[in-house]
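Every number in this text was worked out from the coordinates using simple rules, so none of it is lab data. These numbers come from a predicted model, not from an experiment.
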């Protein structure tokens, strides 16, 4: 199904078109969402963000005008705006939440973090990749903050994260963990 057919079918609320949208643009939507979610906490809501974005496309497809631009640009704008709106909602929840009266599992997470041997876990990584992963996973810094700390460009941090993930995934596959 080509792009125009997907758009037409979405306008007619054909559920198969939604599947085609996910198949053809799912990776793009995920990239836009991840680009707008800098912290690991926010990225924990990735699937919720994506589902909300698909729903927005489903309900707002009639507002897409081919004469004003490409579908992918319109889609990226819808996803970006939905992500920003959802992040505002998350901030609102935390502003009204009485933290001193709520049980937080952060002590348990810290305990688990203390029990993990990161040197062994990150052994397949280069020294720079280890530093990036430590700052990203343990210190919970954003890629922008990591770049500033290590005097790297943001793009380099993303590349180190990507290559490191690939190496760790290969290591897991080799040892059947």
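See the values below:
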read-out: Dimensions in Å of region 3-96 - Rg and Dmax from alpha carbons; value: 13.8, 45
read-out: Gain on full stretching of the segment that runs from residue 3 to residue 128 - 0.36 nm per residue minus C-alpha separation; value: 40.9 nm
